[in-house]
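A.B. asks: Supplied in structure tokens, the structure appears directly below.
The values are calculated or read from the model by the stated rules, or taken from the named source; none is laboratory data. This structure is a prediction, so every number in the text was calculated from the model and none was measured. Note: ideal-geometry Cβ built from the backbone for every residue, glycine included; neighbour counts use all protein chains shown.
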Amino acid sequence: MEGKRGIQNFLVVIMVLLMGSRVSVQADEDDWFVYLGNRSLPKAPRKNISAAEALPPLPLPATPLRRTERKKPPQPDYLIGKVAWGQSASFVDSNGNKMKIADWNLCPTDTEKFVGNARAMDLYYHWSNISLNDFHFDPKRLPALLFSGVRTVRLSSDHIKMLREYVLNGGMVICDSIAGSPYFYKSVRQVFKEVFPECRFRVIPPDHPLYHIAIDIEKVNYPKNVSSDQPFLEGMYIGSRVGVLVSRYGLGCGWNRNLERLAQLKEAAYYDEKSANEIGINLTAYIVGYAEVGALEGKPEIFALADQKAPTDEFVFAQLRHTGAWNVHPGAATELLMKLRRLTAIRVNLKRVALNAAKDNLSSYPFLYLTGLDDFTLSSQTVSALQRYLHYEGVLLINNGLGLKTFDKAVRRELARILPGAKLEHIAPEHEIYHCLFNIGKVRYSPILAKNKPELNQQPFLLGVVIGGDLRVIYSPYDLEAGWLEAYYPLIRGYEPIWAQQLGMNIITYVMTH
């Protein structure tokens, strides 16, 4: 076997010499498997590779008290658990003592330092090492999990099922390729595509709360191998929040303030200490700030199942699917419809219907709703269907989830395809849509929006397109739907709940009476 591998390596060298600088040999994934902690270790051969799940978790920062000791105050809540996965390997130090390292724990104190950074914001939390084999998968007890490593991650089908439920119930999973290894990065993306086959990873846009929730992160620094000054994180949206986050470039060693070993890895790609710690602080604030959102949006839409068949004289909340994150605030529509049912005589069906405009018949629905968080593209069939729908007296309400610029840009581009030459115009304050149920004059926006857009002057801001004298497209560049749920969304650009609800009910009332 060794002779065969030697011949293969010799052939690779010959090919490189023949082809010159056009070919580079990527490091084998085992070449990335090095200790990245603070303890000084000489180079030594690997041996006795075994499953890391067999390793006991490292001790928690707190130690048990003796009975004679004075009891301390209760420990703070747990924030994050570091997942044990992969394999371990034995090394020999300069004194001849063996030491084990493991795939999941190459940077042993990254989680501790991550939680420690939260103290800068007066957030005092605890951390733990966990095995998926005996983990409770309860986000209320542990709201976030960290996968850290450099080599290929593989999970059992049972673990994949349980991670799915964990995230759907409000948990967050963070995957850190601590050295920028392509093996870890590609494998965790593949694993979580199996966990959420209906979702895809999306680049987190610059104006997302993740980059501003505690510290405004505009630019970052990569010591080597990355020619950019922009942060790069990818996520899967579960509702309006990032349920799975992947960092292609290393964060953990920056949290640990130890980059010397990374510098020795030729292909390593990672954030410097300042950038890594700023991202870490924002991650901590995001986990804490969006925990309530995750729990609320993760609840089953029980009331949405109350009406299985919609009579034609009832209002049906029909929502369009698209290629982006289309289901931004699960449960919000039902909450609004319940209020509308209580406060008006409009017959309301509580079942939200999701439609594919390219395949489904839209003519039965006088109202269509479209929302999102990021870029999306409508198929040519969908564009044609919406053209017919809008010219035959249908109304389309578009809502910008979280008020992000990426979605706003996509909306304007796709509307230009649906209605060439049409312009989105400001709907004037005296328009009936603001007065048909509630008389809406002044409104309140979220604090960040009110601060950044003082020109709104507490006036409701909706845009519209008129076709044949009637308002057929209504677009809210700032989030309406979040307010229907009455949850706190940190750094959202939208309306506060009472005004979001009044505007939502006014829009539906206007559609049903015109």
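One line per residue, one yes/no per condition, for (1) within 13 Å of the chain's Cα centre (by Cα); (2) at pLDDT 95 or above; (3) part of a helix (DSSP H, G or I):
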| position | (1), (2), (3) |
| --- | --- |
| LYS186 | no, yes, yes |
| LYS219 | no, yes, no |
| PRO231 | no, yes, no |
| GLY235 | yes, yes, no |
| GLY243 | yes, yes, no |
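A.B. asks: Here is a further query. For the range 173-198, which positions are touching a helix residue (DSSP H, G or I) at 6+ places or on another chain (Cβ under 8 Å) and of a type outside the set (Phe, Trp, Tyr)?
C.D. replies: VAL173, ILE174, CYS175, ASP176, SER177, ILE178, ALA179, SER181, VAL191, GLU194, VAL195
A.B. asks: With respect to the numbered conditions (1) buried (at least 21 other Cβ atoms within 10 Å of the Cβ); (2) under 15 Å from the mean Cα position of the chain (by Cα); (3) assigned to a loop (DSSP other than H, G, I, E, B), which one is the sole condition not fulfilled by PRO206?
C.D. replies: (1) is the only condition that PRO206 fails.
A.B. asks: Residues that are of a type in the set (D, E, K, R): which strands (runs of 3 or more DSSP E) entirely in the range 82-174 hold 2 or more of them?
C.D. replies: Counting at least 2 such residues, we get 98-102.
A.B. asks: Could you pull out the residue among GLY394, GLY421 that is closer than 23 Å to TRP326 by Cβ and at pLDDT below 95?
C.D. replies: GLY394
A.B. asks: Going through TYR249, TYR237 one at a time, which residue ends up being over 23 Å from THR323 (Cα atoms) and either aromatic (Phe, Trp, Tyr) or not assigned by TED's automatic domain parsing to the domain that holds ILE80 (or both)?
C.D. replies: Selected residue: TYR249, the only one of TYR249, TYR237 that is over 23 Å from THR323 (Cα atoms) and either aromatic (Phe, Trp, Tyr) or not assigned by TED's automatic domain parsing to the domain that holds ILE80 (or both).
A.B. asks: Of all residues being touching a residue at least 40 places away in the same chain (Cβ under 8 Å) and either part of a helix (DSSP H, G or I) or more than 27 Å from LEU419 (Cβ to Cβ) (or both) in the range 477-489, which is nearest to the chain's Cα centre (by Cα)? Just the residue, please.
C.D. replies: So, considering only residues that are touching a residue at least 40 places away in the same chain (Cβ under 8 Å) and either part of a helix (DSSP H, G or I) or more than 27 Å from LEU419 (Cβ to Cβ) (or both), the one nearest to the chain's Cα centre (by Cα) is TYR489.
A.B. asks: Can you find a residue in the range 344-366 that is under 30 Å from ALA214 (Cα atoms), surrounded by fewer than 21 Cβ atoms within 10 Å (Cβ to Cβ), of a type outside the set (Gly, Ala, Ser) and modelled with pLDDT of 85 or more?
C.D. replies: no
A.B. asks: Scan PHE367, PHE376 and give me the residue that is among the aromatic types (Phe, Trp, Tyr) and out of contact with any strand residue (DSSP E or B) (no Cβ under 8 Å at 6 or more places or on another chain).
C.D. replies: The conditions single out PHE376.
A.B. asks: Related question: So which residues in the range 247-264 are touching a helix residue (DSSP H, G or I) at 6+ places or on another chain (Cβ under 6 Å) and either at pLDDT 95 or above or buried (at least 23 other Cβ atoms within 10 Å of the Cβ) (or both), if there are any at all?
C.D. replies: ARG248, LEU251, GLY252, CYS253, GLY254, TRP255, ASN256 - these are the residues of the range 247-264 that are touching a helix residue (DSSP H, G or I) at 6+ places or on another chain (Cβ under 6 Å) and either at pLDDT 95 or above or buried (at least 23 other Cβ atoms within 10 Å of the Cβ) (or both).
A.B. asks: For the structure I just gave you, tell me whether ASP138 is charged (D, E, K, R), surrounded by fewer than 20 Cβ atoms within 10 Å (Cβ to Cβ) and assigned by TED's automatic domain parsing to the domain that holds THR284.
C.D. replies: Here the answer is yes, as ASP138 does meet what is asked.
A.B. asks: Which numbered condition in (1) in contact (Cβ under 8 Å) with a residue 60 or more places away in the chain; (2) buried (at least 21 other Cβ atoms within 10 Å of the Cβ); (3) closer than 24 Å to GLU29 by Cα is the only one that GLU267 fails?
C.D. replies: Failing condition for GLU267: (2).
A.B. asks: Which of the following residues is in contact with a Lys or Arg (Cβ under 8 Å, 6 or more places away or on another chain) and in contact (Cβ under 8 Å) with a residue 40 or more places away in the chain: LEU462, LEU404, LEU419, LEU397?
C.D. replies: Criteria check complete, one pass: LEU404.
A.B. asks: Sticking with this one: What number goes with the only condition from (1) surrounded by fewer than 20 Cβ atoms within 10 Å (Cβ to Cβ); (2) within 24 Å of LEU210 (Cα to Cα) that THR152 does not pass?
C.D. replies: (2)
A.B. asks: Which of the residues spanning the range 155-189 are touching a strand residue (DSSP E or B) at 6+ places or on another chain (Cβ under 7 Å) and either acidic (Asp, Glu) or surrounded by fewer than 16 Cβ atoms within 10 Å (Cβ to Cβ) (or both)?
C.D. replies: Listed by number, the list holds a single entry, ASP176.
A.B. asks: So, one more: Among PHE201, PHE192, which is more than 26 Å from ALA120 (Cα to Cα) and crowded, with 24+ Cβ neighbours inside 10 Å?
C.D. replies: So the residue among PHE201, PHE192 that is more than 26 Å from ALA120 (Cα to Cα) and crowded, with 24+ Cβ neighbours inside 10 Å is PHE192.
A.B. asks: Just one of the numbered conditions (1) in contact (Cβ under 8 Å) with a residue 60 or more places away in the chain; (2) within 14 Å of TYR290 (Cβ to Cβ); (3) of a type in the set (A, V, I, L, M, F, W, C) is not true of ILE217; which one?
C.D. replies: The failed condition is (2).
A.B. asks: While we're looking at this one, here's another question. On the basis of being farther than 21 Å from ASP374 by Cα, among the aliphatic types (A, V, I, L, M), modelled with pLDDT under 95 and buried (at least 17 other Cβ atoms within 10 Å of the Cβ), does LEU503 make the cut?
C.D. replies: no
A.B. asks: Please determine whether any residue of the range 456-473 is surrounded by 13 or more Cβ atoms within 10 Å (Cβ to Cβ), over 28 Å from LEU419 (Cβ atoms) and of a type in the set (Val, Ile, Thr).
C.D. replies: Checked the range 456-473: no residue is surrounded by 13 or more Cβ atoms within 10 Å (Cβ to Cβ), over 28 Å from LEU419 (Cβ atoms) and of a type in the set (Val, Ile, Thr).
A.B. asks: Right, another one. So which of ILE440, ILE508, ILE492, ILE474 is within 24 Å of ALA332 (Cα to Cα) and either in a helix (DSSP H, G or I) or in contact with a Cys (Cβ under 8 Å, 6 or more places away or on another chain) (or both)?
C.D. replies: Going through ILE440, ILE508, ILE492, ILE474 in turn, the sole match is ILE508.
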